[in-house]
Structure formats: structure tokens, C-alpha cells
Ligand SMILES: C[S@@+](CC[C@H](N)C(=O)[O-])C[C@H]1O[C@@H](n2cnc3c(N)ncnc32)[C@H](O)[C@@H]1O
């Protein structure tokens, strides 16, 4: 389904008639507007990042771009909006910025991702089937982000507001339930934060698949230096294998470090390299528990090829070692292509003792 944004166009064509700049984009004051910008930027730890890219969804008159410049942030910025008048004026005000009339849902052609995808007030004017629209927008913004998405909403917890409803019939604003939006984001991304600590009218959600604020801040502390192994686990949980390998660079090859390297290569998709590291981890410590986690990962991957039920670590090994009658077979016999045989040999090596 596509949206025609009739309501959005009508609403903002009216607000554009105001004299006050903040009110032209439907904010109460410049202060509120900029507080929201700062709040969105808090999604990641910007300290030490010299240059970052931003996609500003619903950029209005380009005020976020102006704010970033004024506050000394160097950005590779693209602002998009569905209201052409907004974009025309944003271009005039900020000739050095990049602004385009675009509907992020229907336009596949960004051809890139952005460190930050930010949306301040872009999902507040009610459109037809608004919940569905919001869900799709959040999913799309997540696809377009490298590090984080941050979006604010008008809240049902604002005084007098009702879920999804206007305060009165003439009010075209959509008030969202913070917990409902949190649930949607949490389904889309494990690394979700709900914040209601800025303005009583608002809440903000951030999804940070590619960034951990606490890790970033902890790393800057003078001492102790973060343990590479802990950092490696955290990054692998976030499926950031390249960064995990970087964090482990130069670490002594303990079983855990070898295992983590195996997991990183596994996430990258280099199964043979991964196996080499897993094998070395097991050679170093045959009963090494975390290495068995990898058995599960590999099992899941092989499940389709084996056509069997592979559940959990211990059983996976047992299933590989038994044929339908329960007689032991070589795992390698179950498979016929070279790569799969290598995987199977690796399984044999990892049968729990
Ligand atoms: C409240 S204004 C805020 C503008 C700007 N983000 C700021 O804070 O100054 C919201 C903006 O989102 C735009 N907008 C609304 N729905 C949108 C959508 N589906 N896609 C892109 N822009 C949208 C509107 O045209 C408007 O310019």
C-alpha cells in the first residue's frame, strides 16, 4: 500500500503560513525544536566521531542541518520531505545542504545507508491506516541506517491525549502509545530504547543495531582498558563481526579468543576460516563450553542440508552421529559436497565429551 500524504500536505501548507519559524514546521518554539534535535542525536555517542552521515526524514525547512552546522558537527547530510514547499525553502535557506522531495517508503533508490536516520515530528500527522504506516516507516528507516535510528512521537501520555486519536475532531495529530511503539521497534530491532525524559508531550525511540553508547563511553575511560574478550562478545551479539575482529586484534590466542574469532568469521560467512578457529579453540581446551555455542550455530545452518531436526548443542552432535535406526554413522557420510563434509568433520570434533 502507498500513502498519498494528502493530510500531511494540507496540514503543513497551513502551518507554513505562520510567521514564527518554529511554528511553520508545527513546533511550539525554537527551543523545543532544538531540544528534540539534541535528544535524537543522543542515540549514539558522538564524541570522537569526526564526521557522520545523517538522513533526516521529514526535514521540513532544514533546521536540523542548520543546527548541526551551528553546533560544530560535521555531517554528510540528506534531508527528505514529502512537502515540496518545505524542500524548496530548505534549499534556499541552506544552499550547502542536500534536500530532496522523497517518500522513503516508495523510493528504493537511496543506494546507500546512513550512520544516523533521524525523524523529528515526521510521523505525527495522521495518515490513513496510520499504525501500519508507522510500522513500515520504522522498518524502512532501520534498513537505511548503519548505526542508529531515532524518532520522536507525540505521546498519548501527553495531557488529555488518546491513543491514535485527535484531541478533538479537528486535530489531525496522531498521538502514539509509547509502549506500543516500543513493542513495534523491539520486534524490528533487539537494541531499542524508549525515552520519555524530555518533553511531557513527546517520547523518543532509538534503535541502535550498529552502536553501543555504553561501550563507546567505557572505551574512553582512562582505565581499566576494556577487556577485548568482553568487547568481542558484545560486538558479536550485535552482529558486528568486523569490529569484533578489530577488538580482538593482538589478543593472546586463548580458547575463548579463538572461539570468538571463529564466531566472527562465521557471521561474515567464511565458514572454513571459522572452522579453523573453532578447531584450534577446542584443541586448546576440549571441554571449552562457549565453543559449544558454535555447534548450535553451525547446526542451525546445516539443518536444511541434513534434513534433520537439530536442536541445541548436545543433541545436535548426537543426531549427527546416529542414523534413522540409531546406529552410529560418520557425520561426513550424511553429506555429499565438500564444504558440507568439512562442516561435518568439524561436528565430529566437537561431540561433547
Ligand atoms: C513537525 S515538522 C518537523 C520538521 C523538521 N523535522 C524539524 O524538526 O524542523 C514534520 C515534517 O515532516 C514532514 N513529513 C510528514 N510526514 C512525512 C513523511 N511521511 N515522509 C517525509 N516527511 C514527512 C512534514 O512535511 C514536515 O515537514
Any hit, the range 111-131, residues being part of a helix (DSSP H, G or I) and at negative phi: yes
Unique residue being more than 10 Å from the ligand (Cβ to nearest atom) and either outside the structural domain of residue 190 (by TED's automatic domain parsing) or within 20 Å of the chain's Cα centre (by Cα) (or both) when the list is 151, 134: 151
Complete set of residues in the range 12-26 that are in contact (Cβ under 8 Å) with a residue 12 or more places away in the chain, surrounded by fewer than 22 Cβ atoms within 10 Å (Cβ to Cβ) and assigned to a loop (DSSP other than H, G, I, E, B): 16, 26
Residue match in the range 207-229 (condition: under 18 Å from the mean Cα position of the chain (by Cα), in the same structural domain as residue 134 (by TED's automatic domain parsing), modelled with pLDDT of 95 or more and buried (at least 21 other Cβ atoms within 10 Å of the Cβ)): yes
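Residues checked against (1) outside the structural domain of residue 189 (by TED's automatic domain parsing); (2) assigned to a helix (DSSP H, G or I); (3) under 22 Å from residue 44 (Cα atoms):
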site: 233; (1), (2), (3): yes, yes, yes
site: 239; (1), (2), (3): yes, no, yes
site: 246; (1), (2), (3): yes, yes, yes
site: 250; (1), (2), (3): yes, no, no
site: 257; (1), (2), (3): yes, yes, no
site: 262; (1), (2), (3): yes, yes, no
site: 265; (1), (2), (3): yes, yes, no
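The rows are residues; the columns are (1) closer than 28 Å to residue 176 by Cα; (2) modelled with pLDDT under 95.
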position	(1), (2)
48	no, yes
57	yes, no
72	no, yes
88	no, no
107	yes, yes
112	no, yes
Count of residues meeting criterion [within 11 Å of the ligand (Cβ to nearest atom) and either crowded, with 20+ Cβ neighbours inside 10 Å or not in a helix (DSSP H, G or I) (or both)] in the range 27-36: 4
Set 77, 12: member being in contact with a strand residue (DSSP E or B) (Cβ under 7 Å, 6 or more places away or on another chain) and at negative phi: 77
Of all residues making up the range 55-71, the number that are buried (at least 22 other Cβ atoms within 10 Å of the Cβ) and outside any helix (DSSP H, G or I): 8
Filter result for the condition that a residue is more than 9 Å from the ligand (Cβ to nearest atom), within 28 Å of the chain's Cα centre (by Cα) and closer than 22 Å to residue 148 by Cβ, over 64, 46: 46
Some residue of the range 81-94 being exposed (fewer than 15 other Cβ atoms within 10 Å of the Cβ) and assigned to a loop (DSSP other than H, G, I, E, B): no
The range 111-143, residues that are within 19 Å of residue 51 (Cβ to Cβ) and either touching a helix residue (DSSP H, G or I) at 6+ places or on another chain (Cβ under 9 Å) or crowded, with 17+ Cβ neighbours inside 10 Å (or both): 113, 114, 115, 116, 117, 118
Checklist (1) over 26 Å from the mean Cα position of the chain (by Cα); (2) at pLDDT 95 or above; (3) within 11 Å of the ligand (Cβ to nearest atom) applied to residue 10, failing item: (2)
Candidates 74, 88, 107, 128, filtered to the one that is under 25 Å from residue 20 (Cα atoms) and more than 9 Å from the ligand (Cβ to nearest atom): 88
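The values are calculated or read from the model by the stated rules, or taken from the named source; none is laboratory data. The shown structure was predicted, so the numbers you read here are calculated from the model rather than taken from an experiment. Glycine also receives a Cβ, built like all others from the backbone with ideal geometry; neighbour counts cover every protein chain displayed.
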